[in-house]
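Please read the structure below before turning to the comments.
The values are calculated or read from the model by the stated rules, or taken from the named source; none is laboratory data. Being a predicted model, the structure only gives us computed values, none of them experimental. Cβ placement follows ideal geometry from the backbone for every residue including glycine, while neighbour counts extend to all protein chains displayed.
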Amino acid sequence: MDATHALLYLSAFLFSCGLAIVVIKRNAIFVLMGIELILNAANINLVAYNAAKPQALDGQFMALFIILVAVCEAAVGVAIVIKVYHFYQTAVPDEVDQLKENF
Amino acid sequence: MNLTTVLFYFFIVVAGSAALYMVITKDLLHAALGLLLCLLSVAALFIFMGAEFLAITQILVYAGGVVVLIIFGVMLTQRIKGNSLVILQNYTVAGILVAAGFLFVFIKLFSGKAIAERTAETATVQQIGVTLLTEYALPIEISGILLLVCLIASAFAATAHQRK
């Protein structure tokens, strides 16, 4: 098994772990962590394929922009989770089932 | 089997087991530290694959920013009374089945292709900087705007507003 294949298998494994976390865990912060893991798996894939052509930097830049978007997603996600926690007093996604406060 | 190869596979194993630990554990803070370990190992792997700039970005942004942000989120959304931050789980079997299915499909997909091995020299930081400001100038500007928007949005969303 060469290095590139090892990285591809690792990225597949990280994606599966992130997906399992998103489905299994009953906590919004945990779900955010799973999404970070999934985005990171995509980054590994891009870098692994980019390493075959070191002078073409497209894969690395794509990974760079994925990191940027992941940062924005984490910041806004944590802000929303904190807001939801203040309103519902819970961080469990299943228990947040109303869009507007009751009148 | 030289030292570089051993270290490469060592970091692969560390990243994989940290991710697996995140799935297994029910403690929120332990999972955040597992995420940190996983991201740092992936940064080390980026260095092995000739993406030094990306590795530094990964350490700065993920390990320094995202994980700290997530730990702040844990602190602000859990009632901490001296006990550990244990969370509940549901759909355990379904989640593991879906994840295993995706893992099987991806491994099937990746195992067939033969990929050219890494050749000779890698791009320097100078090349990356020049490319970033010429060919990728527009995406960089757009991501700057995206970062500004998300900064304002998250600051606005997390503030406690006076209800009328």
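Show the residue pairs meeting these rules: Cβ distance below 7 Å; 6+ apart or different chains; first residue within the range A:8-21 and under 10 Å from residue B:20 (Cα atoms) and facing chain B (nearest Cβ under 7 Å); second residue in a helix (DSSP H, G or I) and of a type in the set (Phe, Trp, Tyr).
Pairs that qualify, where the first residue is under 10 Å from residue B:20 (Cα atoms) and facing chain B (nearest Cβ under 7 Å) and the partner is in a helix (DSSP H, G or I) and of a type in the set (Phe, Trp, Tyr), are A:16/B:102; A:21/A:30.
Is at least one residue of the range B:20-31 touching a His at 6+ places or on another chain (Cβ under 8 Å) and among the hydroxyl-bearing types (Ser, Thr, Tyr)? Step through it out loud before you land on a result.
Initially, the range B:20-31 is screened for residues touching a His at 6+ places or on another chain (Cβ under 8 Å), giving B:21.
Subsequent filtering for residues that are among the hydroxyl-bearing types (Ser, Thr, Tyr) retains B:21.
Within the range B:20-31 (the criterion being touching a His at 6+ places or on another chain (Cβ under 8 Å) and among the hydroxyl-bearing types (Ser, Thr, Tyr)), the answer is yes, since at least one residue qualifies.
Taking the condition within 7 Å of chain B (Cβ to nearest Cβ), polar (S, T, N, Q) and closer than 21 Å to residue B:15 by Cα, does residue A:40 pass? Steps first, please.
Details: within 7 Å of chain B (Cβ to nearest Cβ): yes; polar (S, T, N, Q): yes; closer than 21 Å to residue B:15 by Cα: yes.
Criteria met by residue A:40.
From the set of residues in the range A:48-62 that are surrounded by fewer than 24 Cβ atoms within 10 Å (Cβ to Cβ) and under 19 Å from the mean Cα position of the chain (by Cα), which is nearest to the other protein chains (Cβ to nearest Cβ)?
Of everything passing the filter in the range A:48-62, A:61 is nearest to the other protein chains (Cβ to nearest Cβ).
What do you reckon, is residue B:36 part of a helix (DSSP H, G or I) and buried (at least 18 other Cβ atoms within 10 Å of the Cβ)? Quick ask: steps written out before the conclusion?
Numbers: part of a helix (DSSP H, G or I): yes; buried (at least 18 other Cβ atoms within 10 Å of the Cβ): yes.
When the stated conditions are applied, residue B:36 passes them.
As an exercise: evaluate residue A:73 against (1) in contact with a Cys (Cβ under 9 Å, 6 or more places away or on another chain); (2) outside any helix (DSSP H, G or I); (3) charged (D, E, K, R) and give the number of the one condition it does not meet.
Just one mismatch for residue A:73, condition (2).
All but one of (1) modelled with pLDDT under 85; (2) within 18 Å of residue A:31 (Cβ to Cβ); (3) of a type in the set (A, V, I, L, M) hold for residue B:80, so report the exception by its number.
(2)
Restricting to the range B:39-52, and then to whatever is at the interface with chain A (Cβ under 7 Å from one of its Cβ atoms) and in a helix (DSSP H, G or I), can you tell me which residue is surrounded by the most Cβ atoms within 10 Å (Cβ to Cβ)?
Within the range B:39-52, the match that is surrounded by the most Cβ atoms within 10 Å (Cβ to Cβ) is B:42.
Touching an Asp or Glu at 6+ places or on another chain (Cβ under 7 Å) and either within 22 Å of residue A:64 (Cβ to Cβ) or among the acidic types (Asp, Glu) (or both) - does that describe any residue in the range B:9-29? Give the derivation first.
Going through the range B:9-29, the residues touching an Asp or Glu at 6+ places or on another chain (Cβ under 7 Å) turn out to be none.
No; the residues of the range B:9-29 include none that is touching an Asp or Glu at 6+ places or on another chain (Cβ under 7 Å) and either within 22 Å of residue A:64 (Cβ to Cβ) or among the acidic types (Asp, Glu) (or both).
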